[in-house]
Structures are given as C-alpha cells and as structure tokens.
Amino acid sequence: MGILDFLTGEFIDVIHWTDDTDDTLVWRFEREDHAIKYGAKLTVREGQAAVMIHEGQLADVFSPGLYLLETNNMPILTTLQHWDHGFQSPFKTEIYFINTTRFQDLKWGTKNPVIVRDPEFGPLRIRSYGTYEVKVSDPALFMTEIVGTDGEFTMDEISYAIRNIIVSRFSAAIAASGIPVLDMAANTPDLGKLLATHIAPSIAEFGLEIPNLYIENISLPPAVEAALDKRTSMGLAGDLGSFTQYSAAEAMTQAASNPNGGGGMGAGLGMGMGMAMAGQMQNAGPWGPRTTAPASQMPPPPPVVERVWHIAEKGKTTGPFSKANLGRMAGDGTLKRDTYVWSVGLDGWKAAGDIAELAQLFTIAPPPPPEA
C-alpha cells in the first residue's frame, strides 16, 4: 500500500451508512483507531440517527441531514475535549448509526397459559398470540441502555426481551379490560391497543416504542371449548324436548354404526336409550321428577259459524236473519215459499222453497196440543 493510500484511509472525509439488511438496528462506523478528520461530512439519511461516543461517553446525536464535523456542529464533544475554535486536527471517536424506522410483523405469543379471572366462568387459563411493531424513539437512551459497545445490533437481540414484556403485561391488560372471554374475539383491536398502553412505560425505558400491537387469536382450554360447543348445540336445538329428541337420534345413529355391537342389536339399544332418556326428561318438572305424567289434551274444535240470510221484497233487501228467525217468519206467514232469499255461497237470489235447507220450514207442522 502506497503512502497516498495510507493517508487517504487514515483520515475519513465522508461518513454514511446504507443498510442492505432488514433486521439491523445499530451499525458502528468501523475505522482503524476511529480516526475522524476534522471537517469530514456526516450524512444521516431519513429513518436514521447518528450517535457519537467519545471515550465511552455519549457526545452528540445527529438527526437526518448533512453535517460538517466541526466545533460549531459538535457542542458536546467540543466541551468534552476543551477544543478551541481554531482546532483542525483529526480526532478519535466512534460513530453509531441507528435505524429509526418501524420493524413490522414481529411475532409474540404466550408460551404457557395465562390465568385470568372471567366474570362468567371464573378463573381461566388462556393462550394468545399476535404481531407487533417496534421502533427506536430515543437513540441516545437506546444506546446507553441496550446497545453499549456492540458494533452491530440486530432486532433478534431485543425481540425476545420485548416478547417477555408483552406476555407479562397481557394478563393485567385482560383483567383491566373487563371484557368477558366470550366477547374477546370481537374486541381484539381494542384489546391490542390496551395491551400496547400497558407495555409503553416499560418499553420507553429502553428508548423504544410500540406503534401497533395486534392480537390474532385467544384460545381457551379444551374442556371450556367443549362446554361452549355443548351450550351452542343446546341453543341450536331450541327447547329441551327437541334437544332430547336430537340426542336420542344421535345415540341411535351411533349405536347402529357400531361394528362391535352388531347393527340390529346396536340399533335396538340406541333406540331404547333414546326413548328412556326422552321419558325421563319429559317427566322432569322444574323442581324435580313428576310422579305422574300429564294427560295429553286435545284443543277444542273451533266454534261453528251460523249461516245468515237476506230477504228481497219490492226492490229492497232486509237482514241478515238467522235460520231460527226465518222459521218464526215462516210460521206467521211473513216468509213464503216464493220469497227471494240469499246467503253466502249462493250464486244469486233464489226462492226460499227451492232451497233444501229452508224448504223444511214450510213442511214441518207442530204436533197437536196436549189434552186439556
């Protein structure tokens, strides 16, 4: 290596970082002896921050922009070095670039069940999992609390600690929400925001923040899920009698398909069990078994609607009259055989004597009076 190459590499003119990875949080600008030329250009791109560390102390933090490393742009480092304004010699310091963009689709989940107290079911063990986003909000605090002297710090080195914080705050967030377990599936967005709120203070101590946290699933123990499935089946069956018939039909189907018990014998056994269950459930009242089964009662037949009649005489209609009224009118001569009558079901006015139902009113004579 020639003398010019040595001098060019000894003193840096341009300092920048282009990240070609998707998991690097911090990258240290590497140079032998960390010799930085006074007046060098520092380029900090959007989504980055640059931190200067001098002799183990945090000197300056640079936000996105282009900087000339001079005394007027490095007030803290100038104070630490007690430089005069005319100082122009190379200086030795470390420069760390920090990725301040969001890291998305990071996984979290409860490794072991978390115990929560549900208002309906009491203490329950539930599991949950989802995703979250994280970003560096305070580069200086993140450097001092997490990174230290690590020359290349990736997201994997901090994600495990963040997952532990999420899981430890999960049960407290669920308890504070007051949402029953059966309603959690419909309220996962609100639960995610509530969980992120509980985590924020602990994450902020590391110079981090969680913009979004998502709960993808909340699962119950198998025994609780089986009880919920049974309750759902009863709700779909309707009343208890229908559910009993449904259970009896299922028992018969399963018994008939049992190869060990024989088709006919299994079917008979299943039918007997179903009928016995139906009888027991039918005889059970609200306070226990009934001693006698209530007799089945047929509903009374609907009342017979009496037919009424209208009379037409001299261009006018009168009525309606019942058949009893027409009988009295036939007796006193007001209703005759040739009197026109009409009722519902007739296709027009007809003579009373031509209608079989009314003709008998003119032929039936009263019996002779009793002897005095």
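Observations, loosely collected:
- Meets criteria (β-branched (Val, Ile, Thr), out of contact with any His (no Cβ under 8 Å at 6 or more places or on another chain) and modelled with pLDDT of 60 or more) for Val341: no
- Options Ala59, Ala49, Ala40: the member that is modelled with pLDDT of 90 or more and in a strand (DSSP E or B): Ala49
- Here Ile95 meets each of (1) crowded, with 19+ Cβ neighbours inside 10 Å; (2) of a type in the set (Val, Ile, Thr); (3) modelled with pLDDT under 65 with one exception, condition (3).
- Those residues of the stretch 25-37 which are part of a strand (DSSP E or B) and farther than 19 Å from Thr144 by Cβ, in sequence order: Ala35, Ile36, Lys37
- Restricting attention to the stretch 166-198, the residues being modelled with pLDDT of 85 or more and touching a helix residue (DSSP H, G or I) at 6+ places or on another chain (Cβ under 7 Å) number 7.
- Residue match in the stretch 134-156 (condition: part of a strand (DSSP E or B), under 33 Å from the mean Cα position of the chain (by Cα) and of a type in the set (D, E, K, R)): yes
- Residue that is modelled with the lowest pLDDT [pool: residues in the stretch 285-321 that are among the small types (Gly, Ala, Ser) and loosely packed, with under 13 Cβ neighbours inside 10 Å]: Ala293
- Looking across the stretch 204-253, just one residue is modelled with pLDDT under 90, of a type in the set (Val, Ile, Thr), under 30 Å from Arg169 (Cα atoms) and not in a strand (DSSP E or B), and that is Val224.
- Selection status of Arg163, in a helix (DSSP H, G or I), basic (Lys, Arg) and either at pLDDT 85 or above or surrounded by 17 or more Cβ atoms within 10 Å (Cβ to Cβ) (or both): yes
- Look at the stretch 132-155: where a residue is without any contact (Cβ under 8 Å) to a residue 24 or more places away in the chain, no partner that is surrounded by 19 or more Cβ atoms within 10 Å (Cβ to Cβ) and not in a helix (DSSP H, G or I) sits 6+ places away or on another chain with Cβ atoms under 6 Å.
- So Glu216, is it of a type outside the set (S, T, N, Q) and loosely packed, with under 14 Cβ neighbours inside 10 Å: yes
The values are calculated or read from the model by the stated rules, or taken from the named source; none is laboratory data. Just so it is clear, the model here is predicted, and its values are computed rather than measured. Positions of Cβ are generated from backbone atoms using ideal geometry, with glycine treated the same way; all protein chains shown enter the neighbour counts.
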